[in-house]
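A.B. asks: This is the structure I want to talk about, given as structure tokens.
The values are calculated or read from the model by the stated rules, or taken from the named source; none is laboratory data. Source: prediction; values computed, not measured. Here the Cβ is made from the backbone with ideal geometry for all residues, glycine too, and neighbour counts use every protein chain on show. Ligands, DNA and RNA are stripped out before the accessible areas are found, and what is left, the full protein with its side chains, is counted by its heavy atoms. Shrake-Rupley method; radii C 1.70, N 1.55, O 1.52, S 1.80 Å.
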Amino acid sequence: MPKTLNQKQIEEIKSLLVQNKMTIESTLNNLSNEHVNLSEMDLNDEGDFAAASRDYITDVHIKNQQLRELNLINHALTKIEDGKYTGLCEMCDSEITIKRLRVKPHAMYCIDCRDYIEKSQVKKAV
Ligand SMILES: [Zn+2]
């Protein structure tokens with residue numbers, strides 16, 4: 001049987017999730033504040049505009065990434081609230097390991113399943 005996390009470990013992961021959530025939310029807030037300015041900016045020539053759009057695209061990319069992570073964090077937090085959080089892989093029920101969860105507390109899958117999912121997503125994209 002795989003080892004599920006004990007209450008103390010779950011509390012630890014929960015506080016990491018809450019911390020990460022706050023960081024992401026403030027990043028997202030900063031990004032949207034900057035974007036309000038893009039349309040108001042005094043863009044004198046094409047070059048300025050290109051540079052501003054490039055920044056904007058990078059920001060959108062970061063924003064999407066952060067939103068995805070935020071979803072995963074909320075998913076994990078909901079499971080903790082519901083008492084359904086185990087720290088096990090959602091795909092194969094094997095241990096994700098506390099070491100990995102400390103680095104990536106919103107991880108849903110063990111490394112094997114994550115690799116498998118990433119590879120199949122790449123295949124789909126091609
Ligand atoms: Zn797995």
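A.B. asks: For the chain, what is the relative contact order in percent, using Cα pairs closer than 8 Å and at least 6 residues apart in sequence?
C.D. replies: 35 percent.
A.B. asks: If you build a Gaussian network model of the chain, linking Cα atoms that sit under 10 Å apart, which residue out of 32, 15, 53 swings the most?
C.D. replies: Looking only at 32, 15, 53, the biggest GNM fluctuation is shown by 53.
A.B. asks: Just name one of 109, 18, 1: the one whose Cα is farthest towards the positive end of the charge dipole of the chain (beta-carbon charges, Lys/Arg +1, Asp/Glu -1).
C.D. replies: 1
A.B. asks: What is the spin-label model distance, in nm, from residue 94 to residue 11 if the labels are put 7 Å beyond Cα along the C-beta direction?
C.D. replies: 3.1 nm
A.B. asks: Oh, and also: Angle check, please: helix 7-40 long axis (alpha carbons) against the longest principal axis of the chain (alpha carbons), in degrees 0 to 90, nearest 10.
C.D. replies: In the chain, helix 7-40 runs at an angle near 10 degrees to the longest axis.
A.B. asks: Can you pull the percent of segment 7-125's accessible area that's carbon plus sulfur, 1.4 Å probe, other chains left in place?
C.D. replies: In segment 7-125, the share of accessible area belonging to carbon and sulfur is 52 percent.
A.B. asks: Pick from 86, 58, 97: which is most flexible by mean-square fluctuation in a GNM of the chain where alpha carbon atoms under 10 Å apart are linked?
C.D. replies: Looking only at 86, 58, 97, the biggest GNM fluctuation is shown by 58.
A.B. asks: Taking 7 Å along the Cα-to-C-beta vector as the label spot, tell me the residue 59-residue 75 distance in nanometres, rounded to one decimal.
C.D. replies: Here the modelled spin labels are 2.8 nm apart.
A.B. asks: Just name one of 28, 64, 122: the one whose Cα is farthest towards the positive end of the charge dipole of the chain (beta-carbon charges, Lys/Arg +1, Asp/Glu -1).
C.D. replies: 122
A.B. asks: How big is the charge dipole of segment 7-125 about its Cα centre, in debye rounded to the nearest 20, if each Lys and Arg gets +1 on its Cβ and each Asp and Glu gets -1 on its Cβ?
C.D. replies: So the dipole magnitude of segment 7-125 works out to roughly 840 debye.
A.B. asks: Can you work out the FRET efficiency for the pair residue 111 and residue 27, with r the C-beta to C-beta distance and R0 = 25 Å, to the nearest 0.05?
C.D. replies: It comes out at approximately 0.40.
A.B. asks: For residue 8, list the lysines whose Cα falls under 24 Å from its own Cα; do not include residues on the same chain fewer than 8 positions away.
C.D. replies: Leaving aside lysines fewer than 8 places away in the same chain, those within reach of residue 8 are 21, 79, 84, 99, 104.
A.B. asks: How long is the gain from residue 67 to residue 121 if the chain were fully straight, where each residue apart is worth 0.36 nm and the alpha carbon distance is subtracted?
C.D. replies: Between residue 67 and residue 121, full extension yields an extra 17.6 nm.
A.B. asks: Okay, next question. Expressed in whole Å with the largest first, what are the equivalent ellipsoid semi-axes of the chain derived from the C-alpha gyration tensor as the square root of 5 times each eigenvalue?
C.D. replies: Equivalent ellipsoid semi-axes, largest first: 37, 19, 9 Å.
A.B. asks: So with the 1.4 Å probe, I'd like the accessible area per residue for segment 7-125, rounded to whole Å².
C.D. replies: Using a 1.4 Å probe on heavy atoms only, each residue of segment 7-125 averages 69 Å².
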